[in-house]
Amino acid sequence: GCEYFSNQKTAVMYSKDGGETFNTVDVSDLIFTHGNGDGRNCGERIAVDPNNSDIVYCGGRANNPLIKSTDGGKSWSAVSSFPKAYTSNVNWPSWDSKTYPSTADANGTTAVVFDGSSQKGYNTQRIFVGISRTGAENVFVTEDGGATWSAVSGLPNNFIPCRMKMDPNGNLLIAYSDKKAHGANGAIYRYNPTTKTAENISPATGIPFGDVAVSPKDANKLFV
């Protein structure tokens, strides 16, 4: 989606032939995205369950924080169990009088991450979601495949989570910035979902971080 193209439509596209052709599903009644807006550096806002490719979660910038597909992207519905993390109302598009729930910076949901090691049956149970807001909890987790959600404790709320990754040891890595774009401060945190403890592992202070990457074979090898 893009705020000023295609009548502000937001769509999910999926392919069944390796990318030769795509099907388009309009989800404008559920979420809005803005691929060229400030905060486009955040992500990934869409994620596929590594244990069940029919399960897909997607976050946008306004309306609903999180939507879900159970048929590989063909149809979508709002995740009604997700916390009411959108506590502001924003104009969408920005020049229109219509308002929708969002974050104060109109950046909405920043990242969705599956912990593939938390498998039960055919589905992943632990999923993390980042929200672009400060002054309140902004990373949420489900331990039961999306039935219930709670805020992750021990993490900073003066920064927004821009990008999140799982490391091979089962920890969540988070790159933080104080703003969705043009930030001036930030941090890198590592969260252990087993002990429920968080650690500031920032390699420097006083700068924003756009991303964190980790070797899939060695959790000690990091790039930011």
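The values are calculated or read from the model by the stated rules, or taken from the named source; none is laboratory data. Model, not experiment: these values are computed from the prediction. Positions of Cβ are generated from backbone atoms using ideal geometry, with glycine treated the same way; all protein chains shown enter the neighbour counts. Just the protein is used for accessible areas: all its heavy atoms, side chains included, with ligands, DNA and RNA removed. Shrake-Rupley method; radii C 1.70, N 1.55, O 1.52, S 1.80 Å.
So how many residues does the stretch 35-59 have that are at pLDDT 95 or above, under 14 Å from the mean Cα position of the chain (by Cα) and open to solvent by less than 50 Å² (accessible area, probe 1.4 Å)?
9
Rundown of residues vs (1) in a loop (DSSP other than H, G, I, E, B); (2) under 18 Å from Asp211 (Cα atoms); (3) free of Cβ contacts under 8 Å to residues at least 12 places away in the same chain, yes/no style:
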| residue | (1), (2), (3) |
| --- | --- |
| Pro101 | no, no, no |
| Ala104 | yes, no, no |
| Thr110 | no, yes, no |
| Gly116 | no, no, no |
| Gln119 | no, no, no |
| Thr124 | no, no, no |
| Ala136 | yes, no, no |
| Phe140 | no, no, no |
| Asp144 | yes, no, no |
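Of everything in the stretch 168-204 that's in contact with a strand residue (DSSP E or B) (Cβ under 8 Å, 6 or more places away or on another chain) and hydroxyl-bearing (Ser, Thr, Tyr), which residue is most open to solvent (accessible area, probe 1.4 Å)?
Thr197
Anything in the stretch 120-137 that is of a type outside the set (Ser, Thr, Tyr) and either at pLDDT 95 or above or surrounded by 17 or more Cβ atoms within 10 Å (Cβ to Cβ) (or both)? List them, or say none.
The answer is Asn123, Gln125, Arg126, Ile127, Phe128, Val129, Gly130, Ile131, Arg133, Gly135, Ala136, Glu137.
Please enumerate the residues belonging to the stretch 65-86 that are under 18 Å from Ile131 (Cβ atoms), loosely packed, with under 14 Cβ neighbours inside 10 Å and touching a residue at least 24 places away in the same chain (Cβ under 8 Å).
The answer is Ser81, and nothing else.
Mind counting the residues in the stretch 130-171 that are within 18 Å of Lys84 (Cβ to Cβ) and in contact with a Leu (Cβ under 6 Å, 6 or more places away or on another chain)?
1
Could you list, in sequence order, the residues of the stretch 14-51 that are outside any loop (DSSP other than H, G, I, E, B) and touching a residue at least 24 places away in the same chain (Cβ under 8 Å)?
Result: Tyr14, Asn23, Val25, Ile31, Phe32, Gly43, Ile46, Ala47, Val48.
For the list (1) touching a residue at least 40 places away in the same chain (Cβ under 8 Å); (2) within 27 Å of Val48 (Cβ to Cβ); (3) loosely packed, with under 15 Cβ neighbours inside 10 Å, I need the number of the one condition that Lys165 fails.
Only one criterion in (1) touching a residue at least 40 places away in the same chain (Cβ under 8 Å); (2) within 27 Å of Val48 (Cβ to Cβ); (3) loosely packed, with under 15 Cβ neighbours inside 10 Å is unmet by Lys165, namely (3).
Test Val90 against the stated conditions and say whether it is under 18 Å from the mean Cα position of the chain (by Cα) and more than 22 Å from Ala175 (Cβ to Cβ).
No; evaluated as a whole, the condition is false for this residue.
Filter the stretch 52-90 down to residues that are part of a loop (DSSP other than H, G, I, E, B) and not polar (S, T, N, Q), then give me how many there are.
So the count comes out to 18.
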